[in-house]
Amino acid sequence: MNPWPRSRDLAWRAGLGSLLALLGLGEAFAQQNSQPLRSQPSAAAPIDLSLKQMVERLLSANRTVLSKQYEGEITATGIDRAKGAFQPAVSLSAQNGRSLTQNTAEEKLVRSNADIYDKHGQDFALGLSQLLSSGAKVEGKVSLSRFTTNLMQEQLPPDGRYNRSYYGVGLTQPLARDAGTRVTLARLRQAELDSVAAQSANRDTESSVAAEAILSYHDLSLAQHKVVVAQDKIAMGERLLAQARDLNRQGRLPQSEVWEVESSLLRYKSLLSEARQAELERVNRLRTLLMVDPKDRLYHFKASEPLPSVNAQVARVQDSLDTALQRREDLRMRKTLLQREGIQVAYTANQMLPRIDLLASYGLNGLSLGMETAFSRSATAPYPSWSVGLQLAMPLGENKLSKADWVAAQVRQKDALLAIQALEVAIANDVETSVGLLQSAVERWKLGSELVQREQQQLALERQRLAAGRSDLREVLTREERVLNARFALTEQQAACAKAEVLLQAAQGILLERLR
């Protein structure tokens, strides 16, 4: 579909071949350069590669496809990251310390006139917290402090210590900002939509790369057919040259017509060299798409699947467009991103509200000389502690930060909607162009079929005239070449129909479905 530019070396060889052909030396040059300019490793025979096998290899080895799959896997990790906000968190601390402070005059009165207050011991704490879907944060805590002081040592047994215990639960429930399931789960919903969008992008990439590869596969089939046609022309030229030389020996044909056939044969051999180079270019294009290493067994392959037969029935534009609007993965991706931006708009609108939190806590305190009894019911039940209240936090004046985020989210939502509208227009144009291209190719194929019949009839008539002595070999050669050219032109139109069908299926978003 996109022919590669020829190198200077190829242009130089073609020009030299034409010059030597004029000097009568072209046959040797053509034989010497009948092989492609770019050498390839020797192989016993090329491997037959069907269209299905090619697509399977493409989806598993193409770098663009694999890169898009990796991006999707990375995006999918965002779901786990968002879920991590709701994962219970545990905290554990242990401290050992000592504090020496000088008592004030007032403190001396209640601390036995001691100048120094010496406290030392260990503190242990265990906490467990979790964020709920309502936005509430629940935290449970258990703590134990084992301590003694220089004032207590005289009253306690040796190595005796007080054990102060606490266990309770606290709740922080947002009432405005960050309140509600819709806001709390916003990040998770966005991550899920990002993953869905990435999957759509991956399938769209697979479809685009597959379409490019299938077009290249059909181009390779056509290039292989062109080689066969060039070989048929050489066989035809050699047959007519033998016939011309025989007639010349009999004195029934002038030498000039023999030279005419020889010149045509040299031209056919030059065309064969050109066709083989074009075939190699198509093979290398597929090798690049399939990531085929020269050491790979598949390095030497040929397109074994013939061009599909032409279907004269072309789908209506509206039917194809309806299918495309339902099946195109890039359109699904854009619609998914629009949903994501809608969630972001709602989230940023919530962030403009003031923070009003309901705070509540309840716990039990205990004190005992024994660590085992510090948490007992008898030691803690008489000493509960609780609190309930509200906490307000808000900027003075307008919340400029949150409002800026909200305005930006609204603009991104509008941009996402505009992208959908632009894509729908592009899809409609793609479908209409593809349908028109297919209709034109089918029409040209029908005309080409009629042309082949006419050329074959003209060839049969010219052979009859030659047998009757009313024509010459040069005219027969021309007619036979025109038949081969007409047949190849018909094959070109068949390939054009196949490629137009691929483009239409890609525009409809059903290409991979048809291949699997």
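So the values come out like this:
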| item | result |
| --- | --- |
| All positions within the range 163-180 that are open to solvent by 70 Å² or more (accessible area, probe 1.4 Å) and of a type outside the set (Lys, Arg) | Tyr167, Val169, Leu175 |
| Residue in the range 106-129 that is closer than 27 Å to Gln199 by Cα, surrounded by fewer than 14 Cβ atoms within 10 Å (Cβ to Cβ) and out of contact with any helix residue (DSSP H, G or I) (no Cβ under 7 Å at 6 or more places or on another chain) present | no |
| Residues of the range 127-148 satisfying the condition of being assigned to a strand (DSSP E or B) and under 47 Å from the mean Cα position of the chain (by Cα) | Gly127, Leu128, Ser129, Gln130, Leu131, Lys137, Val138, Glu139, Gly140 |
| Condition met for Arg187 (at pLDDT 90 or above and part of a strand (DSSP E or B)) | no |
| Of residues in the range 280-299 being open to solvent by 50 Å² or more (accessible area, probe 1.4 Å) and either among the aliphatic types (A, V, I, L, M) or not in a loop (DSSP other than H, G, I, E, B) (or both), the one farthest from Trp445 (Cα to Cα) | Arg297 |
| Residue identified as closer than 30 Å to Leu66 by Cα and either touching a strand residue (DSSP E or B) at 6+ places or on another chain (Cβ under 6 Å) or open to solvent by 10 Å² or more (accessible area, probe 1.4 Å) (or both) among Leu222, Leu247 | Leu222 |
| Residue check for Leu215: out of contact with any strand residue (DSSP E or B) (no Cβ under 9 Å at 6 or more places or on another chain), in a helix (DSSP H, G or I) and within 16 Å of Gln339 (Cα to Cα) | no |
| The range 161-180 residues that are closer than 16 Å to Leu131 by Cβ and among the acidic types (Asp, Glu), paired with ones that are crowded, with 18+ Cβ neighbours inside 10 Å and at pLDDT 95 or above (beta carbon under 6 Å, 6 or more apart) | none |
| Residues located in the range 65-87, provided they are aliphatic (A, V, I, L, M) and touching a residue at least 60 places away in the same chain (Cβ under 8 Å) | Val65, Ala76, Ile79, Ala82, Ala85 |
| Candidate set: the range 338-376, residues that are open to solvent by 60 Å² or more (accessible area, probe 1.4 Å) and closer than 20 Å to Phe124 by Cα; chosen: the one modelled with the highest pLDDT | Tyr362 |
| Flag if Lys302 is modelled with pLDDT of 95 or more, over 30 Å from Leu171 (Cβ atoms) and open to solvent by 50 Å² or more (accessible area, probe 1.4 Å) | no |
| Condition met for Leu151 (over 31 Å from the mean Cα position of the chain (by Cα) and at pLDDT below 95) | yes |
| Selection status of Ser200, open to solvent by less than 20 Å² (accessible area, probe 1.4 Å), of a type outside the set (Val, Ile, Thr), in contact with a strand residue (DSSP E or B) (Cβ under 6 Å, 6 or more places away or on another chain) and in a helix (DSSP H, G or I) | no |
| Only listed residue being open to solvent by 90 Å² or more (accessible area, probe 1.4 Å), farther than 22 Å from Ala275 by Cβ and in contact (Cβ under 8 Å) with a residue 40 or more places away in the chain, chosen from Arg470, Arg474 | Arg474 |
| Any chance Lys52 is in contact (Cβ under 8 Å) with a residue 40 or more places away in the chain, open to solvent by 90 Å² or more (accessible area, probe 1.4 Å) and either in a helix (DSSP H, G or I) or farther than 30 Å from Phe375 by Cβ (or both) | yes |
| Odd one out for Asn103 among (1) surrounded by fewer than 16 Cβ atoms within 10 Å (Cβ to Cβ); (2) in contact with a Phe, Trp or Tyr (Cβ under 6 Å, 6 or more places away or on another chain) | (1) |
| Residues located in the range 71-96, provided they are under 27 Å from the mean Cα position of the chain (by Cα) and open to solvent by 50 Å² or more (accessible area, probe 1.4 Å) | Glu71, Glu73, Ile74, Thr77, Asp80, Arg81, Lys83 |
| Residue in the range 419-435 that is touching a Ser or Thr at 6+ places or on another chain (Cβ under 7 Å) and either closer than 25 Å to Asp330 by Cβ or not small (Gly, Ala, Ser) (or both) present | yes |
| Unique match (being in a helix (DSSP H, G or I) and among the small types (Gly, Ala, Ser)) among Ser471, Ser440 | Ser440 |
| Exclusive hit being open to solvent by 30 Å² or more (accessible area, probe 1.4 Å) and either over 22 Å from Tyr217 (Cβ atoms) or modelled with pLDDT of 50 or more (or both), set Ala30, Ala45 | Ala45 |
| Residue count for the range 377-388, restricted to those that are open to solvent by less than 70 Å² (accessible area, probe 1.4 Å) and either among the polar types (S, T, N, Q) or within 59 Å of the chain's Cα centre (by Cα) (or both) | 3 |
| Any chance Phe147 is in contact with a Leu (Cβ under 7 Å, 6 or more places away or on another chain) and either open to solvent by less than 50 Å² (accessible area, probe 1.4 Å) or over 30 Å from Ala82 (Cβ atoms) (or both) | no |
| Number of the condition not met by Arg187 [criteria: (1) buried (at least 17 other Cβ atoms within 10 Å of the Cβ); (2) under 30 Å from Leu100 (Cα atoms); (3) not aliphatic (A, V, I, L, M)] | (2) |
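The values are calculated or read from the model by the stated rules, or taken from the named source; none is laboratory data. Predicted model only: the values in this text are computed from it and were never measured. Heads up, the Cβs are rebuilt from the backbone with ideal geometry, glycines too, and the neighbour counts pull from every protein chain shown. Ligands, DNA and RNA are stripped out before the accessible areas are found, and what is left, the full protein with its side chains, is counted by its heavy atoms. Shrake-Rupley method; radii C 1.70, N 1.55, O 1.52, S 1.80 Å.
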